[in-house]
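Any read-out appearing in this document is the output of simple, stated calculations on the displayed coordinates, not a laboratory observation. For clarity, every value in this text was computed on a predicted model and none was experimentally measured. So basically every Cβ, Gly included, is an ideal-geometry build from the backbone, and we count neighbours across all protein chains shown.
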Amino acid sequence: MILTVGAGPAGSLSSFLLAKKGYNVLIAEEHQLVGFPVQCAGLISKNCYESYSRYIKVSRCVEKKIKGAFFISPSGHRIEAKGDAFVIERKIFDRMLFEKTAEVAETIVKAKVRFKGKKAFINEKELKFIYLIGADGVHSTVARHFGFKRPEIYTALQVEVKYEPLDEEFVELYFGRNFSDFFAYTIPLDSTAKVGVICKKDPLARLENFLKHLKTKGSILELNTGAIPSDLVNFVKEKVVLLGDSAGMVKPYTGGGLYYLLVAAEKLAKNFPNLRAFKIDFLKEMFLDFKIGKIIRKLYSMPDDKLDELFILFKDYNFSGINMDHPSSILKKIPLRLLKKPSLAFQVFKKIIS
Ligand SMILES: Cc1cc2nc3c(=O)[nH]c(=O)nc-3n(C[C@H](O)[C@H](O)[C@H](O)COP(=O)(O)OP(=O)(O)OC[C@H]3O[C@@H](n4cnc5c(N)ncnc54)[C@H](O)[C@@H]3O)c2cc1C
């Protein structure tokens, strides 16, 4: 018997795949309504869209198609990167995954799971299990109870407001101390945009500053807040697995978690019940991407003037063809370009090893 705690995408997808393989799975979700409250911007790559489309009709929850991104430096230098992506409605997406899971696994909602020793309870009722999947998000009870190391977290603060984007089909990513110690973003919808900051310190002040800078209009239509794990942590201990945000399975350079948790859920189902093999299989595919993702993130905190120089150097760089879900694919060309500016290359190198 497998007990999955949490019916976010990590819990639903892994439970679905394991139940399809014939395992007896119970998935418990603390909220009555799966997918609520929403804590996501819903931006996924085409690769991620296609991967989930193997299981659900993702096209039903698409809010907007995206054609690319502008990366914007502290002084406003822009890099344009073309590439298809989608904004999905997470409420619908999570519910579709959960409904699919309910066809093959046992589900309970309004069921907050607690632990005493090695036993799990909902209220006073004990839930028997042999394997436990902690898919209970960034503040995971499973991880804390079973003594897993916890990652540091970033705060994400996002609002929906009226905003005139630079291009109606492009997201905008802003870098530099003024906006964030990570980054700030806008994601266009039809007449509004999702505008957010992800940072460690002062999210509210930074969001206010960012909204002022963008000259957004009117009142805030929706507020969305949450936490993003900064690092992948150990995710297997005896018969307990952490999956998704509870394990820090997010792209270190964006905080996006939907693709990495899918890779993990598929690998867990493929290797189950050999959890060691699952861990090795996941790390074999993703370890380099986590490493490179973290290096990219380090560069965000370079001094503003150096960031500007970096943007100028890569202004005409052709980013198309780079798989944003696998940042290690960036490795092939970028370092060569850096050699054109040795002093900047030195600054970058210093940052990477710091
Ligand atoms: C503001 C914001 C914007 C984001 N934007 C993007 C984006 O654009 N693209 C992207 O890919 N990612 C994005 N992310 C990250 C993405 O939302 C997460 O990576 C993803 O939701 C992780 O899924 P999960 O299933 O691991 O956890 P969650 O979605 O957090 O699900 C965990 C579930 O566990 C339940 N739970 C918790 N404790 C218990 C308990 N004790 N008992 C029972 N149930 C429990 C919770 O109710 C919840 O339903 C964003 C995150 C934030 C905060």
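Descriptive notes on the structure:
- Within-14-Å neighbourhood charge of Leu223 [Cβ basis; K, R +1; D, E -1]: -2
- Calculated FRET value between Glu99 and Asp181, using beta carbons and R₀ = 45 Å, to 0.05: 0.70
- C-alpha center-to-center spacing [segment 227-267, segment 79-101] in angstrom: 17
- Between helix 275-299 and the chain: long-axis angle, C-alpha atoms, 0 to 90°, nearest 10: 20
- For Ala277 and Arg150, the FRET efficiency from 1/(1 + (r/R0)^6), where r spans their Cβ atoms and R0 equals 41 Å, is about 0.95.
- Nearest-ten-degree value, helix 258-271 long axis tilted from longest Cα axis of the chain: 40
- Between Lys119 and Gln32, the distance separating the two model label sites (each 7 Å from Cα on the Cα→Cβ line) works out to 2.9 nm.
- When each of Lys65/Lys149; Lys21/Lys237; Lys212/Lys350 is checked by Cα-Cα distance, pairs over 27 Å: Lys65/Lys149; Lys212/Lys350
- Choice from Leu288, Leu258, Leu13 with maximal GNM fluctuation in the chain (Cα, 10 Å cutoff): Leu288
- In loop segments of segment 75-145 as defined by DSSP, the GluC sites (Glu not before Pro) with at most 13 further C-beta atoms inside 10 Å of their C-beta are Glu103, Glu124.
- DSSP-loop GluC sites (Glu not before Pro) across segment 163-205, with at most 15 other Cβ within 10 angstrom: Glu168, Glu169
- Nearest-ten-degree value, helix 203-214 long axis tilted from longest Cα axis of the chain: 40
- Given Lys118/Lys291; Lys270/Lys298; Lys57/Lys125; Lys100/Lys217; Lys267/Lys291; Lys110/Lys217, the pairs whose alpha carbons are separated by over 31 Å: Lys118/Lys291; Lys270/Lys298; Lys57/Lys125; Lys100/Lys217; Lys110/Lys217
- Per-q log10 I(q)/I(0), the chain, q = 0.09, 0.13, 0.14 Å⁻¹ (Debye; single scatterer per alpha-carbon; no solvent): -0.50, -1.03, -1.17
- The chain, relative contact order [Cα under 8 Å, separation at least 6], %: 20
- Reach of Lys194 by Cα under 16 Å, taken over aspartates and glutamates that are not fewer than 8 positions away in the same chain: Glu63, Glu89, Glu160, Glu164, Asp167, Glu168, Glu169, Glu172, Glu208, Glu222
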